[in-house]
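Novice: This is the structure I have questions about; it appears just below.
Since every read-out is calculated from the coordinates, none of them should be taken as a lab result. What you see is a predicted model; the values in this text were computed from it and never measured. Cβ coordinates were reconstructed from backbone atoms using ideal geometry, including for glycine residues, and neighbour counts include every protein chain displayed.
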Amino acid sequence: MEISGYEEQSRSYRPQCNNSPNLFLKIFNEKDVPVQVAVGNYDMGICGQDWVAELLAKYPASAIVKVKDLRYGERDLCMVANNSSQLTSMNEMPTKPGLIRIVSEYPNLAESFALNLRLRRCSIIPVWGAAEVYPPESADLALISRTDDIPLEDGLSCLTTILHSSAFLIAHRPSWESKNMNSLLQRIYAVSNLPQATTERARTTTGDARNHSSCNPPWDSTAVRLALPDGHQQAPTLQFLERGGIRLGRNAQESRRPGINLDGVCTKIVRPQDMPLQVANGNFDLAITGEDWLYEHLCRFPSSPARKILTLGFGKVKIVAVVSKRLPCDSTQDLRSPFRRHSLPTLRIASEYTNIADKFARDNHLSPYRLLPTWGASEAFIPEDADVLIENTQTGRTLAQHNLKIVDTLFESSACLIGNMHPINNSEAKNKEIARIIELLSKLV
């Protein structure tokens, strides 16, 4: 197949298949593909078997057919523990007293694992990513995805592999049973059956020979625990800190637990989406995240102790409501108009910010509406799969490129420092250190 407009870093979500003009293609975040195929928005999709298994673990009756293993994108879902923990084998877990905490971006598979193992007491901690950084302080086990060429995080050992995954061609069951897809299947099969180089994969259920001893400082419960963001917010955060003479160790780009030149402070690099909940639960004392993700958290948990301490001023974005330019709608008021009730009887609202989107719909009396959680590449949902998108934007150029327009601005967001307004069991010395860090950062704003 000759496909144009689908390459690395491309923000075009509708590539063209030049030799199959009747084939409509759409690019999604991989986590969204099984859901979109299962609900029948697409006849076929390609994604990792792990995300299909994650969906089926909670919704086993989903209308998905696993058509073919495409033999690339191999990865394992591994249950890992920290070497310092008392969990060294799977056999001892069912008899272990106390609560076993499992963190993962695959919460359905983690829960299924716990049930199958018949754990006495178990807590599943869902996160957006970076689950490997939570044990042993905030979790006992982490269910993570890994490939052979990337070693485990320092200090972790693989206890067992619960799933070997690779890219899969999947289909919507009613479409598979009723539509003729032979032409497309023949082309995909021809590519997937080409001989590929194979590598010997060494796996173990008791450890990982590539682990190396950690050179990072220990995660000290008496120290101030500071969470810093990964992804596109990491570089501006490091630049902001360096203005105040705060520097991370040379391993900041490689380790989730980099050193820092502040005495009495330990750092972790995690997803900014997860920080407010982790601060609220007492796993971090301070965190640098976005005001948007704090507000998303507070929309769901209004009484949460996670609170903004400082607005840091970088990473500015606007949280906006967006529709297709083809829709005769220029304001939120138009979404309540008689036109909308006639043409869009149930408003489909897609967003990574599901709680903000829900509040926006309720505050503006947009019922009936249906929320569509997404994991990224959200612009791709409009107009085929959603009517409204709640999204962040800096300049609006990306929205314009996808023929979208802003009908409302919900609020403006920038990076902020957050903390727990009700810290538990903090010593006087630790509270003084937290206050010192806040004062230091406030001088940079």
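Novice: Please report the relative contact order for the chain, taking Cα pairs under 8 Å with a sequence separation of at least 6, and give it as a percent rounded to a whole number. Walk me through the numbers before you get to the answer.
Specialist: Details: 839 pairs, mean separation 69.6, N = 445.
For the chain, the relative contact order is 16 percent.
Novice: What relative contact order, as a whole-number percentage, does region 75-165 give when Cα pairs under 8 Å and 6 or more residues apart are counted?
Specialist: Values: 175 pairs, mean separation 45.8, N = 91.
So the answer I get is 50 percent.
Novice: If packing is taken as the average count of other Cβ atoms within 10 Å, what order do 96-104, 230-238 fall into, highest mean first? If you can, show how the numbers build up before the last one.
Specialist: On the way: 96-104: 17.4, 230-238: 15.3.
With the highest mean Cβ count within 10 Å placed first, the list reads 96-104, 230-238.
Novice: What nm value, rounded to one decimal, do you get for the distance between Thr346 and Glu439 when each label is placed 7 Å out toward the C-beta?
Specialist: That separation, rounded to one decimal, is 5.7 nm.
Novice: How high is the relative contact order of region 230-310, in percent, counting Cα pairs under 8 Å that sit 6 or more residues apart? Display every interim value, and only then the final one.
Specialist: Details: 71 pairs, mean separation 15.6, N = 81.
In percent, rounded to a whole number, it is 19.
Novice: Say R0 is 51 Å: what FRET efficiency, to the nearest 0.05, do Phe24 and Ala429 get from their beta-carbon distance? Provide the component values of the computation, followed by the final result.
Specialist: Details: r = 62 Å, r/R0 = 1.21.
Rounded to the nearest 0.05, the efficiency is 0.25.
Novice: Once you have the Cα-Cα distance between Ser303 and Glu384, take 0.36 nm times their residue separation minus that, and quote the gain in nm to one decimal. Walk me through the numbers before you get to the answer.
Specialist: Details: separation 81, 0.36 × 81 = 29.16 nm, distance 3.70 nm.
Contour length minus Cα-Cα distance gives 25.5 nm.
Novice: For the chain, modelled as a Gaussian network with Cα springs under 10 Å, which listed residue fluctuates most, Thr311, Thr395, Thr374?
Specialist: Thr395
Novice: Moving on. Based on Cβ point charges of +1 for Lys and Arg and -1 for Asp and Glu, what charge dipole magnitude is obtained for the chain about its Cα centre, in debye rounded to the nearest 20? Intermediate values should be presented prior to the final figure.
Specialist: Numbers: 49 positive and 49 negative charges, 143 e Å.
With Lys and Arg at +1 and Asp and Glu at -1, about 680 debye.
Novice: To the nearest 500 deg cm²/dmol, what mean residue ellipticity at 222 nm is calculated for the chain from DSSP H runs of n ≥ 4 alone, each contributing -39,500 (n - 2.57), summed and divided by the residues?
Specialist: Working: 12 runs with 106 residues, N = 445.
That comes out to -6500 deg cm²/dmol.
Novice: Efficiency by 1/(1 + (r/R0)^6): what FRET value for Lys179 and Asp69, r their Cβ-Cβ distance, R0 = 30 Å, to the nearest 0.05? Could the numbers behind the result be given before it?
Specialist: On the way: r = 22 Å, r/R0 = 0.72.
The pair Lys179/Asp69 has a calculated efficiency of 0.90.
Novice: From the list (1) 74, 16, 14; (2) 37, 31, 20; (3) 37, 26, 22, can you say which value of semi-axes √(5λ) of the Cα gyration tensor in Å was derived from the structure given?
Specialist: Computed from these coordinates, semi-axes √(5λ) of the Cα gyration tensor in Å corresponds to label (2).
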